[in-house]
Amino acid sequence: MAATLIDSQVFSGLFSSPAMSEIFSDRQRVQYYLDVEAALARVQARLGVIPEEAADEICRHCHTEEIDLKRLKSQTELIGYPVLGVVQQLVERCSDGLGQWCHWGTTTQDITDTATVLQIRAAMELVETEVDAIADALATLAKDYRDTPMVARSNLQQAVPITFGYKAAVWLAGFHRHQQRLEEIKKRAFVGEFGGAAGNLASLREQGLLVQAGLMEELNLGKPLIAWHTMRDRIAEVACLLGLITGTLGKIALDIKLMAQTEIGEVTEPFTSGRGASSTMPQKHNPVSSVYISGIVPIVRQQVAALLNAMEEDHERATGSWEIEWVVLPEIFCLSAAALAQARFALSGLNVHPENMLRNLEMTGGLVSSEAVMMGLGPKLGREKAHDLVYKICCKAMETGRSFADLLKENTEITGVLSGSEVDYLLNPNNYLGLCGEMVDQTLARQDK
């Protein structure tokens, strides 16, 4: 019976993905243990460390179907770790006493850590696929709405005009950096572990490094220069990257929620019948994906902190910190997968409402262009004097409800240096979009590489 939302029959689709949950399932985890044991046997047989017939027999039984998970549960509760239980069952499966060569010269943590790296590699492939798809969706939004004007906001107040394409390109640039990070982390994170009891490979003597190199080549993993049993920066870095990626999703989700407010109405999430419905308010169209992203991101962030705590491990083999990884790493990946899937859905079908963007841009009667007016007056009156003058007129417009344009054109200091048509030009938000378009183009150029 599931006790967490990740494994719940009702909620699992909202807090994980089937593919990610499978990677961290009991059966797949055990299969990764067996994959490492089989690879080790093959390499040791090639090097003459164990008999070839032993390797063949061991590999023949390295399948999860041959492991009794109910019995493994009891063995794990007794021993404290699952690997020895797996090895015990594997040894029993092998005929003619050949199972004695299983797990030769290695230790539980070697198998566990290397299996964890195999899980991470498979999981990161899923993450990378989702990140690339989200980047594609954001690139489409940036391109399609390159020149669609809207208002920028600072402290939730209207600031200056920008374009929605620019806003989407800012999001996209963050995902470009995540794509770079995903590529760069591989050489540090996809490194196996094989060091024996205390990491020095004493059990295999002069053949230890050869076995280690062969094992990593067999598994297509990087070879460690030295044991990392209690140096957990590789695992923590993976978690931190997922914290960064989901943190970006959280920012985008917050923007979408704010822009989707009824009074704002600049975007809405993709609509399918019944999605985001209320039990009592028929008119509701809740931003479901953004809501779940916002709920998931803080949990991931806290779990990342737990893995940073797990870096404090004693001596050469630790007491307790290692187990933190067993609990939180699968949760971080599953929750991240859910957030990525929700973001991909929301952004791939995001409904954009340019007419509402324009309405909001014009709702202050030109006040959103006050900086443009100030900068137009600056060369003629001096920046400080222009700022103070425009500020006073803005305040008067807000206090009286009168047109900002009319108040500007009535002011003799302004009319002495600017004509009415020049004031109108400065008040047109389309004339103060800066380099939004060029910045969108630069960002999209990176997407095409």
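The residue that is farthest from ALA236 (Cα to Cα), among those in segment 292-324 that are in contact with an Asp or Glu (Cβ under 9 Å, 6 or more places away or on another chain) and not hydrophobic (A, V, I, L, M, F, W, C), is THR319. Residue count for segment 285-313, restricted to those that are farther than 30 Å from VAL267 by Cα and touching a Ser or Thr at 6+ places or on another chain (Cβ under 7 Å): 3. Residues that are hydrophobic (A, V, I, L, M, F, W, C) and over 30 Å from GLN179 (Cβ atoms) number at least 3 in the following helices (runs of 4 or more DSSP H) confined to segment 379-449: 383-400, 404-410, 420-427.
Regarding GLY199, is this residue in a helix (DSSP H, G or I), buried (at least 16 other Cβ atoms within 10 Å of the Cβ), of a type outside the set (A, V, I, L, M, F, W, C) and in contact (Cβ under 8 Å) with a residue 12 or more places away in the chain? Taking the combined requirement at face value, the residue does not satisfy it.
So which of ILE120, ILE185, ILE162, ILE134 ends up being at pLDDT 95 or above, among the β-branched types (Val, Ile, Thr) and surrounded by fewer than 18 Cβ atoms within 10 Å (Cβ to Cβ)? Only one candidate qualifies: ILE185.
Criterion applied to ALA45, ALA41, ALA55, ALA142 was being closer than 30 Å to SER16 by Cα, part of a helix (DSSP H, G or I) and of a type in the set (Gly, Ala, Ser), and the one residue passing it is ALA142.
Cβ-Cβ contacts under 8 Å between residues 6 or more apart (or on different chains), taken from a first residue in segment 348-362 that is touching a residue at least 40 places away in the same chain (Cβ under 8 Å) and hydrophobic (A, V, I, L, M, F, W, C) to a second residue that is surrounded by 15 or more Cβ atoms within 10 Å (Cβ to Cβ) and assigned to a helix (DSSP H, G or I), are listed as LEU350/ALA137; LEU350/LEU141; LEU350/ILE256; VAL352/LEU141; VAL352/PHE164; MET357/PHE164; LEU361/VAL368; LEU361/PRO429. Across segment 13-38, which residue is surrounded by the most Cβ atoms within 10 Å (Cβ to Cβ) among those that are part of a loop (DSSP other than H, G, I, E, B) and in contact with a helix residue (DSSP H, G or I) (Cβ under 7 Å, 6 or more places away or on another chain)? If we take residues in segment 13-38 being part of a loop (DSSP other than H, G, I, E, B) and in contact with a helix residue (DSSP H, G or I) (Cβ under 7 Å, 6 or more places away or on another chain), then SER16 is surrounded by the most Cβ atoms within 10 Å (Cβ to Cβ). Against the numbered list (1) touching a Ser or Thr at 6+ places or on another chain (Cβ under 6 Å); (2) part of a loop (DSSP other than H, G, I, E, B); (3) among the small types (Gly, Ala, Ser), GLY265 comes up short only at (1). In the set THR76, THR116, only one residue is closer than 25 Å to GLU316 by Cα and either touching a residue at least 60 places away in the same chain (Cβ under 8 Å) or not in a helix (DSSP H, G or I) (or both); that residue is THR116.
The values are calculated or read from the model by the stated rules, or taken from the named source; none is laboratory data. Quick caveat, the model's predicted, so the values are computed rather than measured. Every residue, glycine among them, receives a Cβ derived from its backbone with ideal geometry; neighbour counts consider all protein chains shown.
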